[in-house]
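Accompanying notes for the structure given below.
Read-outs throughout are calculated quantities, based only on the coordinates presented, and are distinct from any laboratory measurement. Every value quoted in this text rests on a predicted model; they were computed, and no experiment measured them. Every residue, glycine among them, receives a Cβ derived from its backbone with ideal geometry; neighbour counts consider all protein chains shown.
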Amino acid sequence: MLQDGYPLPRPLGSTRSSNILCFLLLFFSIITSCCAVNPSHFLPQDQDQDPPCLAFSPTFTYVDSKNNSKSSEKISEVASLRCAFDLFDANFFNGEKIREVANGAKEFNIPIIRANRKLVASVNGGLNNPSSLVFNPEWGSEKPQSIDKRFSYPSFSGTKRPESEEDVAFMSVLELGDLIKTKQITSEELTNIFLRRLKRYNHVLEAVVSYTEELAYKQAREADALLARGVYLGPLHGIPYGLKDIISVPKYKTTWGSNTFKDQVLDIEAWVYKRLKAAGAVLVAKLVSGSLAYDDIWYGGRTRNPWNIEEFSTGSSAGPAACTSAGMVPFAIGSETAGSITYPAARCGVTALRPTFGTVGRTGVMSISESLDKLGPFCRSTTDCTVILDAIRGRDPDDPSSRDSPLDDPFLVDITKLTVGYLDDAEEEVIHILATKGVNMVPFKLNYTVESVQGILNFTMDVDMLAHFDEWQRSGQDDDYESHDQWPTELQRARMIPAVDYVQALALAMAYQSATDHHKQRPPIDDLGPNDSIPNPPAVIYPARLLHH
């Protein structure tokens, strides 16, 4: 359609053929609506004059005494190319340069792109070919530190088994662990309880992709046999759990929540699964991931919030959040690129932990963005989250971004020495409770808008995601996507993000530092004598978390 204020085309001449040509130009502009067309630009002009973006791709030839057919074709070619340049916000080249860029792309760029695609982008999911931009935290020649020392868990001795299975289902991980350790319940019994609950409530919540029943009973019996021989593996010994269905386990489907991959079985043991298996935990189910890790819609429906089944769980770790909330598993592992742990945890009323990037290895996990993806636990308490984190943290030899990050034992931290920053819209109750516990609460303001940072985050995430699902999009499989206003639309736009602008989006840190002076501060080492104690460092306030998928 013609946009408001669009000038009516004026005749090219007084002849009937000119009027017909004018009509054709108007007709094509209405049909394609690519960009504005002013037919006056088809009047005879010097071939170096910069023509506008045409609204159509066919080459029209208008010949008169001043311009021959060849020059007119060149003008039309440049105008057509300018449409593409407009989409990249690069419409600043003159006509000759546009033709040079196009010829160079055909001669050099496209052959290289096609060759690279055959080597890298032919496999969906990023499991075999991680992004070349993956962040590697091994600074310089620094060697990974050992994390042999585990956390000191609080004692739960004296725990009594409730009479009701319902009460058992809502016990904490440490409480259940004490029941198993003291042989008040077996892992096989516990596994049976949670499998029954998963099957009982799943038709309402639509939170389970597949039950790993055979594997679960095998692992539970092994846990019971070890305990009978006097071998206790720790607080997760014999504890059932679920995995988000972007995490691969051999012999079981890893569907990524998508109809396209609903029968996919990957012969890969994800690193986080290996860690939990070594800790004695029992996998009972693969839990819903929103389709290709986007929101809560998947090929089997839409996962609901157990607190209000008229609501949906939101966020792609929908299954882990809903199942933990409903007492269908004691804990579950989810993932987050930008909000898929925090959103569903908040909606479903459970405790979840999004660890610092690189804390948990990601081998065997579908990738969206290797420099943003994180794995973390869903539990019913922060204590349980800490126990799970302790079991899964550490360097994954096949994930270059993971590392052995030595963490202070959270059970030994003196919270009165912590400083927490909060924004204007923070919940007053949270501020008040933390303050009464002795935490130093400090108000602060952001030096940037959340919207601008969100846009930069989307650039990074969408481009990385598309790099791992190029074949999916090229083969038209995005037409089968569960919700067409989600990934397909977002990843179609990602095709039009120039590499230059993608890189300029890593400029966020420089923009932040231009408004602050933290990076200019100097340690007071010159003021210290050899026997002086080091004063407490100033409080560090971290910017708010950014949430998306």
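List of remarks:
- Among the trypsin sites (Lys or Arg not before Pro) in region 415-464, those located in a DSSP loop and surrounded by at most 14 other Cβ atoms within 10 Å of their own Cβ are Lys437, Lys445.
- In terms of packing, defined here as the mean over residues of other Cβ atoms within 10 angstrom, the peptides 310-316, 234-240 line up highest first as 234-240, 310-316.
- Sparse-neighbourhood loop sites, trypsin sites (Lys or Arg not before Pro) in region 206-315 - DSSP loop, at most 13 other Cβ within 10 angstrom: Arg229, Lys251
- Checking the Cα-Cα distances for Lys118/Lys218; Lys181/Lys218; Lys149/Lys374; Lys277/Lys374; Lys183/Lys417; Lys181/Lys286 against a 30 Å cut-off, the pairs over it are Lys118/Lys218; Lys183/Lys417.
- Burial ranking of peptide ranges 325-334, 350-359 (average Cβ count within 10 Å, highest at the top): 325-334, 350-359
- Relative to the compact-globule estimate of 2.2 N^0.38 Å, the Cα radius of gyration of region 355-418 comes out at 1.22.
- Calculated log₁₀ intensity ratio I(q)/I(0) where the Debye formula runs over C-alpha points of region 165-405, q = 0.09, 0.14, 0.15 Å⁻¹: -0.31, -0.79, -0.92
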